[in-house]
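Visitor: What follows is a single structure, and I will ask about it in a moment.
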Amino acid sequence: MTSLSAVAQQQILAVTEHSALQYMDGDRISGKGTEAVRAVLNKAKLDYKIKIYPWARAYSIASNQENVLIFSMVRTPQREQHFKWVGELLESDYQFYRLKRRDDIVINSIEDTRNYSIGAVRSSIIHQTLASRNYHSLNLVANIDINLKKLQMGRLDLMIHQPGYFEKLCARNGIDHNLFEPILSFNYVNQGLYMAYSNLTDDAIVNQTRTAFDELKTAGVIDKIMSLEQ
């Protein structure tokens, strides 16, 4: 077990993807997920740097290297034993979105979504979940903004995202969110979005981060940062 003084000398690499929760704003990585992670790591008095990668690469780094923190990641039974979980940043409430003018897209149940093209970030939980259920018309990209623009142009039928944060994604891309509407809950995924460490990370680092997270969560700081009202 690493001592607390030794923990302070190690640098954490925090990896994430480009999304509505974390994104590049000029030369700075911004977004509510990023703000929350910075608050936790600062309180834990850890040295760290944050990097944005395509999700598949971020996940691979967090799966195979030590002292790596990944966010904002859905916590699933399949992932449970592969990471050391810190805490929940946000509850998930995914919805299928379509262009409002696309009245040719008729969906009465989740099985009906199989008849349409669906956008997903490659290797994301959305991609993995749809692929595991034998969805075939998937439009896989490295960056979620690409599928948002395809949805706007009518080149994609459906997209899955979190209400509230979908509107923020639209705003960041200069697209009117009123062009779209949620039409069905994506209830295949209902776990929250978390911070988690690679399994190769020392428990002293993990525990120090968990303590900082729990204190900020109890004080209401995490929820305030992640609130759509802020």
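Visitor: Does region 95-185 come out rounded, prolate or oblate, given a ≥ b ≥ c as the square roots of the eigenvalues of its C-alpha gyration tensor, rounded meaning a/c under 1.5 and, failing that, prolate meaning a/b above b/c?
Guide: Cα axes put region 95-185 in the oblate bin.
Visitor: I've got another one for you. If a/c stays under 1.5 just call it rounded; otherwise compare a/b with b/c (prolate if a/b is bigger, oblate if not). Do that for region 185-230, with a ≥ b ≥ c from the square roots of the Cα gyration tensor eigenvalues.
Guide: oblate
Visitor: Nothing charged except the Cβ atoms of Lys and Arg (+1) and of Asp and Glu (-1): what's the magnitude of the dipole of the chain about its Cα centre? Round to the nearest 20 debye. Could you put the intermediate results ahead of the total?
Guide: Working: 26 positive and 25 negative charges, 91 e Å.
With only Lys, Arg, Asp and Glu charged at Cβ, the dipole is about 440 debye.
Visitor: Treat every Asp and Glu Cβ in region 95-185 as -1 and every Lys and Arg Cβ as +1, leave all other atoms uncharged, and give the resulting dipole magnitude about the Cα centre to the nearest 20 debye.
Guide: 260
Visitor: The list [x] 69; [y] 62; [z] 56 gives values of percent of Cα pairs over 21 Å apart, and only one came from this structure; which label was calculated from it?
Guide: [z]
Visitor: Please sort by residue number the trypsin sites (Lys or Arg not before Pro) in region 101-160 whose DSSP state is loop and whose Cβ has at most 12 other Cβ atoms within 10 Å.
Guide: Qualifying residues, ordered by number: 101, 133, 155.
Visitor: What FRET efficiency would be calculated for the residue pair residue 64, residue 106, taking the C-beta separation as r and a Förster radius of 41 Å, to the nearest 0.05? Numbers along the way, then the final one.
Guide: Values: r = 44 Å, r/R0 = 1.07.
Using R0 = 41 Å, I get an efficiency of 0.40.
Visitor: As an exercise, identify the trypsin sites (Lys or Arg not before Pro) in region 19-67 lying in DSSP coil whose Cβ has no more than 11 other Cβ atoms within 10 Å.
Guide: Loop-located and lightly packed - 45.
Visitor: For every helix of n ≥ 4 consecutive DSSP H residues, a contribution of -39,500 (n - 2.57) applies; sum these over the chain, divide by its total residues, and give [θ] at 222 nm rounded to the nearest 500 deg cm²/dmol.
Guide: Computed ellipticity for the chain at 222 nm equals -9500 deg cm²/dmol.
Visitor: Considering the options 222, 186, 139, tell which one lies farthest towards the positive end of the dipole of the chain, charges being +1 on Lys and Arg and -1 on Asp and Glu at the Cβ, about the Cα centre.
Guide: Towards the positive end, the residue furthest out is 139.
Visitor: Just to be sure I understand: with springs between alpha-carbon atoms less than 10 Å apart, which residue in 121, 141, 74 has the highest mean-square fluctuation in the Gaussian network model of the chain?
Guide: 141
Visitor: For the pair residue 135/residue 92, report the inter-label distance in nm, with labels modelled 7 Å from Cα in the Cβ direction.
Guide: Using points 7 Å along Cα→Cβ, the separation is 1.2 nm.
Visitor: Show me the GluC sites (Glu not before Pro) within region 152-230 that DSSP assigns to loop and that have at most 11 other Cβ atoms within 10 Å of their Cβ.
Guide: 229
Laboratory data are not the source of any read-out in this text; all were calculated from the coordinates shown. Since this is a predicted model, take the numbers as computed values, not measurements. Backbone-built Cβ (ideal geometry, glycine too); neighbour counts: all protein chains shown.
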